[in-house]
Structure formats: structure tokens, C-alpha cells
Amino acid sequence: MATATPIADGEAAYAVGETWNLPTDAFAEILARVPPSSRRRLRLVCRRWRDVIDERTPQSPPVVLAYVVTFGSASAYVVEDLAEGRCRELWRGGATAGRGFSETMMVGTCNGLLCLCDDAKPGGAVALANPVTGETLDIPPRPWAGHGFSWHREYSFAYHPATGQYKILHLPCGFDRTGGFNVLQVFTLGEAAAAWRDVPVPGASCRLDAGIVSVGGATYWVTSGAERVVSFDLRDERVAFAKPLPVRAGPGYLCHLTEVCGRLGLAVSADKPVPAKTEVWVLGDGQVWSRRYSVRVNGDVEQRLARPHFAHGDYVLTAEGEGYWRKYAFGHRLRGAGARLQRGEVRSVRITERGTPVAGKGGGTYLHGTFAYVETTEPLSVYRLGG
């Protein structure tokens, strides 16, 4: 199996020099197979690399991906125009033998790769898919015991921009009513062993309904009592810190993690069918929380923030319905769109209309989640067993 090997400075200089003799078309074809986030770092190698990357493999801005589950199958749609609500089907799968809802759920996406989990299989069968190339990769099953359901909620799909490694994490917190666990499992794509590894995290706990979010080289979750957010460093595979939440989020409140412009976010609201107000806090430099969004919903509009991705450019995404029965995603253009927030400024959002429907089909379907997505031609074949 392919593995990443550090390159010495002399070797790196030689490799850079050699690319001057490599035809531009061939060089661009190689770069197209590199994860988009890694190409941003490769621009710093030299002027030629920067020019070829900018001209031949330009970075497209992320689009909204909506994952929808229906009777017999599941689909991923990309929203091509938030203003008009235009979308197209990107991927379809998760076929079921019976007439019930598909149990193939989306864990997350990194660099254009989708991580999926079949909840119908014991422990959850995890697979990766690249909708652009049509490739799929089944991840070896992890050791498991006991009973459960909604296995996908216990997984997270992550990418570390410095190491270039993809990792799948499993938090076995569903086996304990308190959400407690002392070991989590990690699977690293490209490792020769191609096996799940146990990583000690003594005394850990997780509140699953708050979600598990991976961003910026770390995976985050909220403790079972909603007192702290835990950061798990993906490079060192250890708990880096446990930061107190910025506001109360215990009984009587709902909270969930999100990603806001490459930072960890926390959305908190009252535990009501339609919360009047949702506050979104972002964890910035120095592990300092700052309130970034204050979202108020009119009583006639039964919507709440979409999850796990709700802040997309000049738009805020919302979902209509409760829990698994969310049917539509809506886009709401922000007032003063395009203006940068000043330091300490809070974006105040008032939602008084349903907005523009951007995904969902109503009866017989439900919206599983919204994500930020970029297309890639990165091959999955290099991660296959024995590859």
C-alpha cells in the first residue's frame, strides 16, 4: 500500500529542479490527482509550481452538498446556484433490498471524497467514494461488540493538511448510557497495516447529538454533560485540550458543533421545536470563543440551522422539520452580504420567510445533512489494500 515518506531538503530541491524538464501537461495531470488543500501548499514550492497550479488546476470555491435519504436509496446533490436553488445529483447509492429508507448515511467529506456508513451492517460498514471518478473504497470492518443503531453518528472523517493523511475516527460512546469511553479507534488511509488501531483517551465522554466535527487537523466533540469541547490532535493522536463551552448548553438547551470558515463553531439554542434564537460561537486563535452569529427565526417559519454546515459565503442554510424528518434545505442571503465582519462584531440574522429551497424533495425523503464540497480527481486506488 502507498505510504507517505518525508523528503530531505536536498531531495526536495532535486525534485523541484526535475519538474523543469517535465512537460506542463504531464505535471498538471499529476497535480490534478493531489488533494485540493495540498495543492494550496504546493504553490509555495516555487514560481513555476504556483503558475501551473493557478492556471491549470485552479481551486474552485466549495459548494453546498446536500445528502438526501429516500425509500430504497440515498443521493448527494450539489447546489450550483443558491440564489435560484438550482442543484444537480452528484452521487446515488445506498440501495436497499426492501422498501424502507436507505440506511447508508454520510459521515462527512474531505477534499471531494465522501465518507459513507451503512447503518444496516453491524458496527456500521464504512466506505469512501469519489463521485467524480466513480471510484469507491471499502474500509475494513472494525472490531465491535454489543448492539446499536445510527452507527454513522460515532464516526468522523478527517484530513490533516500538514501530513496529508486521511483518518477515520470512531468514538464508541453509544455503548454506554453516560456516553463514556476510554479508547477510540483510528483508521489511517495509506498505512501498511490497513487496520483499526486503539488510541487511549482515559475518562472520555461524548454527547452524540452535538455531533463530531473535524476541521484544521483536529477532531472535536462535546462531553456528555455538555460542559466542554474536546480537541483530538490528528497528527499526535492525543487529546490536545478540553475547553469549557462559552455558554450554558445543558438541560433545556440544544447544542451542536459546526464548521465556520475553517474554524470550529458551536450553535446553541433553547430546547424548543422552533427556537426563537440560535447563537453561534467560533473558537479562534488562543482557544478563545467569540460570538459570531445571532440567528432569530419568525414564529411562522419552522426552521432551524442546517447541520453540520450552515454558513456558506453570503448565505445561511436552514432546514425545515425535526430530527430525521427534515425535508428541505433553504438558503437565506444575508443582509450586507460581502461586507467583512469587524473584530468582535456579531452577524445578526433575521429569518422571516422560508427562503429559497435548495435541496430536498418533500414526502418520502429526508435531508440527512449539508456539507461543504469541492470536486477532485484524486484517485482512491492508491489506498487499496496491497496498492
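The values are calculated or read from the model by the stated rules, or taken from the named source; none is laboratory data. These figures come from a predicted structure and were not determined experimentally. Every residue, glycine as well, gets a Cβ built from its backbone with ideal geometry; the counts of neighbours run over all protein chains shown. Ligands, DNA and RNA are excluded from the accessible area calculation, which covers all protein heavy atoms including side chains. Shrake-Rupley method; radii C 1.70, N 1.55, O 1.52, S 1.80 Å.
When the surface is traced with a 1.4 Å probe over the full set of protein chains, Lys243 keeps roughly 50 Å² accessible. Of interest is the spacing of the C-alpha centroids, which for the stretch 103-141 and the stretch 149-215 amounts to 15 Å.
Given a 1.4 Å probe and the protein chains as shown, Lys121 ends up with an accessible area of around 100 Å².
Can you put Arg33, Arg291 in order of accessible area, largest first, using a 1.4 Å probe?
Working: Arg33 120, Arg291 90 Å².
The residues order as Arg33, Arg291, largest area first.
Please list the equivalent ellipsoid semi-axes of the stretch 135-265, computed as the square roots of five times the alpha-carbon gyration tensor eigenvalues, in descending order and whole angstrom.
Working: eigenvalues 112, 66, 35 Å².
So the three semi-axes of the stretch 135-265 are 24, 18, 13 Å.
Over 28 Å apart at the Cα level, from the set Lys243/Lys277; Lys167/Lys277; Lys167/Lys272; Lys243/Lys272; Lys121/Lys272; Lys243/Lys327, are Lys167/Lys277; Lys167/Lys272; Lys121/Lys272; Lys243/Lys327.
When the accessible area of the stretch 195-237 is split by element with a 1.4 Å probe, what percent falls to carbon and sulfur?
Working: 700 of 1610 Å².
Whole-percent figure for carbon plus sulfur exposure: 44.
Add +1 for every Lys or Arg and -1 for every Asp or Glu among the other residues with Cβ under 10 Å from the Cβ of Phe310, and state the total. Computed value for this residue: +1.
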